1. Would you tally the net charge around THR34, using a Cβ to Cβ cut-off of less than 9 Å, leaving THR34 out, and scoring K and R as +1, D and E as -1?
2. What size of dipole, in debye to the nearest 20, comes out for the chain about its Cα centre when the only charges are +1 on Lys and Arg C-beta atoms and -1 on Asp and Glu C-beta atoms?
3. Per-residue ellipticity at 222 nm for the chain, helices alone: DSSP H runs ≥ 4 residues times -39500 (n - 2.57), over residue total, nearest 500 deg cm²/dmol?
4. Just need the Rg to Rh number for the chain, please, alpha carbons only, Kirkwood Rh.
5. Determine the sum of side-chain charges near VAL18: Lys and Arg each +1, Asp and Glu each -1, restricted to other residues whose C-beta is under 14 angstrom from that of VAL18.
Amino acid sequence: MCGNENECLEVAVREDRVLARDSKEPRRSPLRFTAPVWTQFLRAVNQGALEGS
């Protein structure tokens, strides 16, 4: 997922978890989300609920 060439998010699905990290910081541990929480996050993004946050 990329906003522009410098704002990318790497996402991996592992069993019942979704892992996400900033592509500019590959050595940092990824954030871990449950599938339902990740789905809620994507829904909020698609609805524009997080703009300006």
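1. Summing Lys/Arg as +1 and Asp/Glu as -1 gives +1.
2. Details: 8 positive and 8 negative charges, 48 e Å.
Here the chain has a charge dipole of around 240 debye.
3. -7000 deg cm²/dmol
4. With Rg and the Kirkwood Rh in hand, the quotient comes to 0.98.
5. Once all neighbours under 14 Å are counted, the net charge is +2.
FYI, it's all coordinate maths here, none of it is from the lab. No experiment lies behind these values; they were computed from the predicted model shown. Here the Cβ is made from the backbone with ideal geometry for all residues, glycine too, and neighbour counts use every protein chain on show.
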